[in-house]
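Notes follow once the structure below has been shown.
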Amino acid sequence: MMPVATMMPDDTPMFDPSILHELDWSENTTTFSPAISPLEPGDGLVMRPLCTADVNRGFFKVLGQLTETGVVSPEQFIKTFEHMKRSGDYYVTVVEDTNLGQIVATATLVIEHKFTHSCAKRGRIEDVVVSGECRGKQLGKLLTSTLTLLSKRLNCYKITLECLPKNVAFYKKFGYSVSEENYMFQRFFN
(Lines give C-alpha, C1' and ligand atoms only; values in the text may rest on other atoms or scores of the structure.)
Protein backbone atom coordinates (compact mmCIF):
# COMPACT_ATOMS: atom_id res chain seq x y z
CA MET A 1 0.00 0.00 0.00
CA MET A 2 1.32 3.42 -0.98
CA PRO A 3 1.62 6.01 1.79
CA VAL A 4 -0.78 8.93 1.51
CA ALA A 5 1.00 12.15 0.64
CA THR A 6 0.58 14.74 3.35
CA MET A 7 -0.14 18.22 2.06
CA MET A 8 1.03 21.14 4.12
CA PRO A 9 -0.96 24.38 4.25
CA ASP A 10 0.47 27.01 1.92
CA ASP A 11 -0.38 30.34 0.28
CA THR A 12 -1.69 28.93 -3.01
CA PRO A 13 -4.99 30.78 -3.63
CA MET A 14 -8.32 29.05 -4.25
CA PHE A 15 -8.77 31.16 -7.39
CA ASP A 16 -6.74 33.65 -9.41
CA PRO A 17 -6.48 36.80 -7.25
CA SER A 18 -6.26 39.04 -10.33
CA ILE A 19 -9.99 38.52 -10.91
CA LEU A 20 -10.67 40.58 -7.76
CA HIS A 21 -8.27 43.32 -8.86
CA GLU A 22 -9.75 43.50 -12.37
CA LEU A 23 -13.34 44.14 -11.26
CA ASP A 24 -14.80 47.38 -12.62
CA TRP A 25 -15.29 49.14 -9.29
CA SER A 26 -17.06 52.02 -11.08
CA GLU A 27 -20.05 49.61 -11.40
CA ASN A 28 -20.29 49.39 -7.61
CA THR A 29 -23.61 50.85 -6.43
CA THR A 30 -22.78 51.11 -2.73
CA THR A 31 -21.11 54.10 -1.09
CA PHE A 32 -18.24 53.73 1.33
CA SER A 33 -17.14 56.38 3.81
CA PRO A 34 -14.23 56.44 4.05
CA ALA A 35 -13.66 55.10 0.55
CA ILE A 36 -12.39 51.51 0.38
CA SER A 37 -12.17 48.98 -2.45
CA PRO A 38 -10.95 45.43 -3.12
CA LEU A 39 -7.48 46.87 -3.81
CA GLU A 40 -7.54 49.14 -0.74
CA PRO A 41 -9.74 47.60 1.98
CA GLY A 42 -8.16 49.64 4.79
CA ASP A 43 -4.92 50.13 6.69
CA GLY A 44 -3.08 46.85 7.16
CA LEU A 45 -5.84 44.89 5.41
CA VAL A 46 -5.75 42.86 2.20
CA MET A 47 -8.64 41.23 0.36
CA ARG A 48 -7.73 38.00 -1.39
CA PRO A 49 -8.79 34.43 -2.14
CA LEU A 50 -8.71 31.87 0.66
CA CYS A 51 -5.57 29.73 0.81
CA THR A 52 -4.86 26.59 2.82
CA ALA A 53 -2.52 28.45 5.19
CA ASP A 54 -5.58 30.36 6.41
CA VAL A 55 -6.48 27.31 8.49
CA ASN A 56 -3.70 28.62 10.77
CA ARG A 57 -4.73 32.29 10.45
CA GLY A 58 -8.05 32.13 12.28
CA PHE A 59 -10.35 31.36 9.34
CA PHE A 60 -12.50 29.03 11.46
CA LYS A 61 -12.49 31.48 14.36
CA VAL A 62 -14.14 34.07 12.12
CA LEU A 63 -16.49 31.59 10.43
CA GLY A 64 -17.50 30.33 13.88
CA GLN A 65 -18.92 33.78 14.65
CA LEU A 66 -21.55 33.07 11.99
CA THR A 67 -22.40 29.41 12.44
CA GLU A 68 -21.31 26.08 13.88
CA THR A 69 -18.09 24.97 12.17
CA GLY A 70 -17.51 21.73 14.02
CA VAL A 71 -14.07 20.24 14.56
CA VAL A 72 -12.14 20.28 11.29
CA SER A 73 -8.65 18.82 10.97
CA PRO A 74 -6.11 20.49 8.69
CA GLU A 75 -6.35 17.42 6.44
CA GLN A 76 -10.15 17.79 6.13
CA PHE A 77 -9.76 21.50 5.42
CA ILE A 78 -7.19 20.90 2.67
CA LYS A 79 -9.27 18.12 1.09
CA THR A 80 -12.37 20.35 0.96
CA PHE A 81 -10.31 23.33 -0.23
CA GLU A 82 -8.81 21.27 -3.09
CA HIS A 83 -12.26 20.01 -4.09
CA MET A 84 -13.61 23.57 -4.20
CA LYS A 85 -10.57 24.82 -6.11
CA ARG A 86 -10.77 22.04 -8.72
CA SER A 87 -14.44 22.72 -9.36
CA GLY A 88 -13.69 26.33 -10.30
CA ASP A 89 -17.09 27.37 -8.92
CA TYR A 90 -16.13 28.54 -5.43
CA TYR A 91 -14.81 32.01 -4.68
CA VAL A 92 -14.10 32.02 -0.96
CA THR A 93 -12.77 35.49 -0.32
CA VAL A 94 -11.11 36.71 2.87
CA VAL A 95 -9.84 39.91 4.38
CA GLU A 96 -6.58 39.47 6.25
CA ASP A 97 -5.17 41.83 8.85
CA THR A 98 -1.54 41.66 7.74
CA ASN A 99 -0.32 43.25 10.98
CA LEU A 100 -1.83 40.37 12.98
CA GLY A 101 -1.54 37.68 10.29
CA GLN A 102 -5.20 36.84 10.95
CA ILE A 103 -8.34 36.51 8.84
CA VAL A 104 -10.87 39.12 9.99
CA ALA A 105 -13.67 38.67 7.42
CA THR A 106 -14.86 36.20 4.81
CA ALA A 107 -17.63 35.61 2.28
CA THR A 108 -18.23 33.02 -0.43
CA LEU A 109 -19.59 33.22 -3.96
CA VAL A 110 -20.77 29.85 -5.30
CA ILE A 111 -21.55 29.48 -9.00
CA GLU A 112 -24.40 27.12 -9.84
CA HIS A 113 -24.68 25.89 -13.44
CA LYS A 114 -28.25 25.70 -14.72
CA PHE A 115 -30.06 24.14 -17.68
CA THR A 116 -32.57 26.97 -17.50
CA HIS A 117 -32.02 30.42 -19.00
CA SER A 118 -30.05 28.93 -21.91
CA CYS A 119 -27.71 27.00 -19.60
CA ALA A 120 -26.91 30.11 -17.61
CA LYS A 121 -25.10 30.43 -14.29
CA ARG A 122 -26.52 31.63 -10.99
CA GLY A 123 -24.38 33.17 -8.28
CA ARG A 124 -25.07 32.60 -4.60
CA ILE A 125 -23.46 34.57 -1.78
CA GLU A 126 -22.97 32.62 1.43
CA ASP A 127 -21.18 32.81 4.77
CA VAL A 128 -20.66 36.58 5.01
CA VAL A 129 -19.04 37.28 8.37
CA VAL A 130 -16.77 39.91 9.90
CA SER A 131 -14.94 39.28 13.17
CA GLY A 132 -16.39 41.13 16.13
CA GLU A 133 -13.35 43.35 16.59
CA CYS A 134 -13.48 44.51 12.94
CA ARG A 135 -17.18 45.26 12.62
CA GLY A 136 -17.91 48.84 11.62
CA LYS A 137 -15.01 48.95 9.13
CA GLN A 138 -17.36 48.29 6.15
CA LEU A 139 -15.79 44.89 5.44
CA GLY A 140 -19.15 43.11 5.10
CA LYS A 141 -20.23 45.78 2.61
CA LEU A 142 -16.94 45.45 0.76
CA LEU A 143 -17.15 41.66 0.50
CA THR A 144 -20.80 41.74 -0.60
CA SER A 145 -20.16 44.46 -3.20
CA THR A 146 -17.10 42.64 -4.50
CA LEU A 147 -18.80 39.26 -4.84
CA THR A 148 -21.87 40.85 -6.44
CA LEU A 149 -19.65 42.47 -9.09
CA LEU A 150 -17.71 39.22 -9.49
CA SER A 151 -20.91 37.28 -10.22
CA LYS A 152 -21.76 39.82 -12.90
CA ARG A 153 -18.26 39.52 -14.40
CA LEU A 154 -18.66 35.72 -14.43
CA ASN A 155 -21.85 36.16 -16.49
CA CYS A 156 -24.34 34.95 -13.91
CA TYR A 157 -27.91 35.73 -14.92
CA LYS A 158 -28.77 36.43 -11.27
CA ILE A 159 -27.31 36.33 -7.81
CA THR A 160 -29.10 35.35 -4.62
CA LEU A 161 -28.46 35.09 -0.91
CA GLU A 162 -30.33 34.06 2.19
CA CYS A 163 -30.35 36.24 5.26
CA LEU A 164 -32.20 36.78 8.50
CA PRO A 165 -35.07 39.29 8.35
CA LYS A 166 -33.02 41.70 10.49
CA ASN A 167 -30.38 41.84 7.70
CA VAL A 168 -32.74 42.57 4.78
CA ALA A 169 -32.18 46.35 4.94
CA PHE A 170 -28.40 45.80 4.80
CA TYR A 171 -28.60 43.73 1.59
CA LYS A 172 -31.10 46.09 -0.06
CA LYS A 173 -28.22 48.63 -0.18
CA PHE A 174 -26.62 46.42 -2.84
CA GLY A 175 -29.72 46.20 -5.02
CA TYR A 176 -31.03 42.92 -3.58
CA SER A 177 -34.77 42.60 -3.13
CA VAL A 178 -36.90 40.22 -1.11
CA SER A 179 -38.12 37.36 -3.27
CA GLU A 180 -41.73 36.23 -3.34
CA GLU A 181 -40.42 32.69 -3.05
CA ASN A 182 -39.96 31.02 0.31
CA TYR A 183 -36.63 29.67 1.45
CA MET A 184 -37.18 26.15 2.75
CA PHE A 185 -34.78 23.57 4.13
CA GLN A 186 -34.31 20.28 5.92
CA ARG A 187 -31.41 19.92 8.34
CA PHE A 188 -29.81 16.49 8.56
CA PHE A 189 -27.24 17.35 11.24
CA ASN A 190 -25.76 20.38 12.98
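Overview of values
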quantity	calculated
Selection count where residues are not aliphatic (A, V, I, L, M) and not in a strand (DSSP E or B), scope region 98-122	9
Residue that is at pLDDT below 95 and among the aliphatic types (A, V, I, L, M), where the choices are Val72, Val46, Val94	Val72
Condition met for Thr67 (open to solvent by less than 20 Å² (accessible area, probe 1.4 Å) and under 29 Å from Ser177 (Cβ atoms))	no
Residue check for Tyr183: open to solvent by 80 Å² or more (accessible area, probe 1.4 Å), at pLDDT 95 or above and either farther than 30 Å from Met8 by Cβ or not in a strand (DSSP E or B) (or both)	no
Search result, residues across region 161-178 that are touching a residue at least 12 places away in the same chain (Cβ under 8 Å) and open to solvent by 70 Å² or more (accessible area, probe 1.4 Å)	Glu162, Lys173
Residue within region 65-88 that is of a type in the set (Val, Ile, Thr) and touching a residue at least 60 places away in the same chain (Cβ under 8 Å) present	yes
Which listed residue, of Lys85, Lys79, Lys61, is open to solvent by 80 Å² or more (accessible area, probe 1.4 Å), assigned to a helix (DSSP H, G or I) and over 18 Å from Leu139 (Cβ atoms)	Lys79
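The values are calculated or read from the model by the stated rules, or taken from the named source; none is laboratory data. Everything numeric in this text was worked out from a predicted model, so none of it was measured. Note: ideal-geometry Cβ built from the backbone for every residue, glycine included; neighbour counts use all protein chains shown. When the accessible area is computed, the model is the full protein with side chains, heavy atoms only, and any ligands, DNA or RNA have been set aside. Shrake-Rupley method; radii C 1.70, N 1.55, O 1.52, S 1.80 Å.
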